[in-house]
Each structure stands twice: as structure tokens, then as C-alpha cells.
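To start, the structure under review is shown below, and the notes come after it.
The values are calculated or read from the model by the stated rules, or taken from the named source; none is laboratory data. The structure presented is a predicted model; accordingly, all values stated were derived computationally and were not measured. In this analysis, Cβ positions are derived from the backbone assuming ideal geometry, glycine residues included, and neighbour counts consider all displayed protein chains. With ligands, DNA and RNA removed, areas are computed over all heavy atoms of the protein, side chains included. Shrake-Rupley method; radii C 1.70, N 1.55, O 1.52, S 1.80 Å.
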Amino acid sequence: MEKSEIIELLKGNPAETGLFKKADEVRKKYVGDDIYLRGLIEFSNICHRNCLYCGLRRDNKIIHRYLMSDDEIFEAAVLAKKLGYTSIVLQSGEPLSFNIKKFLELLKRIKNETGLIITLSMGELEKEYYLLLKEAGASRYLMRFETSDRNLYSYLKPDSKYEKRFECLSWLRELGFEVGSGIMVGLPGQSVESIADDIMLFDKLKIDMIGIGPFISNPETPLKNFNNNNFELAIKTLAVTRIVCPKSNIPATSAMEALDDNGREKALMAGANVIMPNITPYNFKDKYILYPGKSIFDDPYEYSVYLKNLIEKLGRKWGKGPGNSRVKEGL
Ligand code: 5AD
Ligand code: SF4
């Protein structure tokens with residue numbers, strides 16, 4: 001698609017452009033009816049960065065910081081297995097230092113004893129570390145570039161480097177990870193043109209899993225006064241992304257649900273084919289607040305039942321296989 005067409009769809013009224021219907025057709029044709037469930041474990045909220053939009057930023061002194069113990073993380077992985085999920089996502093802030101040896105042992109233990117596919121989402125690390133994590137059993141890595149607009153990126157992430165982010169993504173690719181990335185939609189100063197660039201970049205970088213969510217203003221951050229009215233544009237962005245990147249995995253993100261009670265369902269009907277239900281133990285989950293409105297009360301088991309029913313209601317299937325990237329496999 002030309003950039004001008006992308007912009008037109010992003011600006012247009014979906015009822016008139018037929019965007020969601022088209023995206024749903026493309027989804028069905030290229031990735032089928034299966035919806036893959038991946039258990040999200042937020043194992044630490046410790047972060048040394050100071051991103052302007054995020055509740056885990058280091059200047060937010062009101063949150064209690066935690067690191068789950070190895071056994072707690074392992075038990076959460078076992079729960080994912082019990083719930084029938086084939087994959088887990090281990091997510092954290094970016095710690096300045098962490099005990100990598102211990103973490104590698106934990107990954108090996110999870111891999112050996114559960115056989116789950118391990119996805120990591122723990123930010124920018126040195127290439128050697130990525131290699132060690134891969135060797136210990138992780139095979140997928142999620143790291144959003146957030147926006148392709150260099151100036152906006154530097155404003156939002158004052159202590160991060162734009163080039164470094166993309167270098168990390170290319171290392172991950174080189175090391176054989178399935179690479180996930182993504183953006184927030186509705187960031188202060190973000191134009192529709194810039195979102196079109198983001199979408200074209202997903203395609204250029206052959207991103208295996210593309211996470212798109214609305215920016216939600218967090219009262220504990222410097223962006224507390226910005227508007228939150230970003231659901232509509234976020235879902236349009238998701239739909240256009242499905243059309244431009246037909247084979248990618250695209251999750252119906254929690255941020256969609258945070259802004260709209262039926263947000264996940266709407267995303268699943270506009271191109272999404274993955275859900276990452278949160279299975280972090282309750283006493284930690286309430287401290288992992290990137291943005292307000294996150295559902296922290298769902299019992300993991302009850303939520304899995306709710307999702308099963310939702311999937312059925314939509315006439316789709318619960319994907320029991322690994323849900324490997326079709327981009328990577330060139331299918
Ligand atoms: N609103 C929406 N998404 C956010 N994230 C962080 N803070 C916010 C916010 N205020 C997203 C970022 C990050 C992902 C884990 O959560 O895109 O990469
Ligand atoms: Fe830390 Fe990531 Fe939040 Fe930035 S977005 S403050 S790196 S957890």
C-alpha cells in the first residue's frame with residue numbers, strides 16, 4: 001500500500017472505508033481463525049529508565065518495586081501450562097543490573113519442565129546477553145520501538161537512544177529470535193503521517209508480532225494532562241497493519257481493553273489473532289501499572305474461561321499449536 005492510502009484509511013471513517021471488514025478478511029486468509037493465548041508474567045517492575053509515558057519510570061516513587069522469586073515465576077509458568085497456554089511472556093522493566101546466571105538457570109528449568117515457548121520482554125540488553133538467553137531456551141523477544149519519529153522518540157525516552165533500539169532489534173533477528181515490536185497510538189505530538197511510517201516500518205523490518213495499543217495518559221507521569229481519546233485511531237492502526245503485514249501475529253492488547261470494555265473483542269474483529277492474558281500473581285500485578293484502567297481483578301482461571309467463551313462467540317478457534325510466525329517461516 002502507498003503511504004497516501006494508509007493515511008487515508010487512518011483518517012477515514014471505517015464504516016465508509018470498510019477497513020475493519022477488509023482487515024478481518026485478510027486475517028482469515030493469511031493467519032486463519034486460530035487465536036493464540038500467551039500467558040503474560042510481569043516478573044519485575046524495577047526500571048532504571050524514565051520514559052515520560054510509563055508508570056514504571058524511575059521517578060515514580062509511589063510504586064512499590066518488586067522482583068518475583070524464581071519459584072514464583074516458575075509457578076506462574078506452571079499455571080500457564082495448566083490453563084492450556086503454549087507460550088509465556090516474561091516481562092519486566094529495564095533493570096540496570098540483574099543476576100543473569102540465575103535467570104538463565106530459571107529459563108532452562110521452565111523450558112525443561114514445562115516445554116513452554118518462552119518469550120522475553122525486558123528491554124535493551126547487550127548482544128551477548130541476548131545470545132545467552134536464546135541458548136537457555138527463550139525463542140521470542142518483544143520490544144516495541146514505540147514510534148519511528150526520531151524526535152518524538154527522544155522526547156518520550158530521554159535516556160534511550162533511537163539507534164540503539166533498532167540495533168537491539170536487528171541483533172535479536174540475527175540471533176534467530178522471533179521478533180516482536182510495536183507502537184503506541186495517540187502519543188502527544190504524533191501525527192497520522194508518522195503512524196503511517198510506523199506501519200511501513202513493521203513491514204520493512206519483517207516484524208513477526210506487532211503490538212499496537214492506544215497511549216493512555218498516566219496521572220503519575222509528566223504526560224498526565226494529555227488526552228486519552230485514542231481508542232478509535234489505535235484500532236484503525238491495527239486494522240491497516242493487518243492489511244500491510246498480512247502474515248504477522250497481532251495481539252489484541254490490554255491497552256485496548258483498558259480504554260474500551262469490548263476493546264479486545266473489537267481488536268479481534270479488526271485483524272488481531274493473539275491475546276496475552278495476564279497471569280501475574282495478584283499481589284504483584286497491582287504494582288505493575290504502566291497506565292490506569294488495567295484490569296487487575298481477573299482471576300487467571302476465570303479469565304481463561306471468559307476468553308474461551310469469547311473466542312467461541314466470535315466463531316474462531318483457540319489455537320493449540322505454537323502459533324509460530326508465518327513471516328519468519330516464509331509461509
Ligand atoms: N499507555 C499505553 N501504553 C503504554 N506502555 C507503557 N506506558 C504506556 C501508556 N501510558 C506500553 C509501551 C511499552 C509496553 C510494554 O507498554 O508501548 O512498550
Ligand atoms: Fe521502563 Fe519500559 Fe516503562 Fe520505559 S517503557 S519506563 S523502559 S518499563
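If you go through the range 134-151 and keep only what is among the basic types (Lys, Arg) and either under 20 Å from Leu120 (Cα atoms) or buried (at least 23 other Cβ atoms within 10 Å of the Cβ) (or both), you end up with Lys134, Arg140, Arg144. Taking the criterion of being away from ligand 2 (no atom under 13 Å from the Cβ) and either under 20 Å from Ala76 (Cα atoms) or not in a helix (DSSP H, G or I) (or both), the residues of the range 121-138 that qualify are Glu126, Leu133, Ala136, Gly137, Ala138.
Conditions tested, residue by residue: (1) away from ligand 2 (no atom under 16 Å from the Cβ); (2) crowded, with 23+ Cβ neighbours inside 10 Å; (3) polar (S, T, N, Q).
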site	(1), (2), (3)
Asp24	yes, no, no
Ile46	no, no, no
Asp59	no, no, no
Ala76	yes, yes, no
Tyr85	yes, yes, no
Ile88	yes, yes, no
Gln91	no, no, yes
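Of all residues in the range 152-192, those satisfying the criterion of being under 17 Å from Met122 (Cβ atoms), open to solvent by less than 20 Å² (accessible area, probe 1.4 Å) and in a loop (DSSP other than H, G, I, E, B) are Lys157, Ser160, Phe177. Going through (1) touching a Phe, Trp or Tyr at 6+ places or on another chain (Cβ under 9 Å); (2) within 30 Å of Ser170 (Cβ to Cβ) one by one, Ile279 falls short only on (2).
The set of residues in the range 139-151 that are hydrophobic (A, V, I, L, M, F, W, C), in contact with a helix residue (DSSP H, G or I) (Cβ under 6 Å, 6 or more places away or on another chain) and either more than 16 Å from ligand 2 (Cβ to nearest atom) or not in a loop (DSSP other than H, G, I, E, B) (or both) is empty. If only residues of the range 248-267 that are in a loop (DSSP other than H, G, I, E, B) and surrounded by fewer than 24 Cβ atoms within 10 Å (Cβ to Cβ) are counted, the one that is nearest to ligand 2 (Cβ to nearest atom) is Thr253.
Pairs meeting the criteria (first residue in the range 109-130 and open to solvent by 10 Å² or more (accessible area, probe 1.4 Å), second residue within 16 Å of ligand 2 (Cβ to nearest atom) and part of a helix (DSSP H, G or I), beta carbons under 8 Å, at least 6 apart or on different chains) are Glu124/Lys164; Glu124/Arg165; Glu124/Cys168; Leu125/Cys168.
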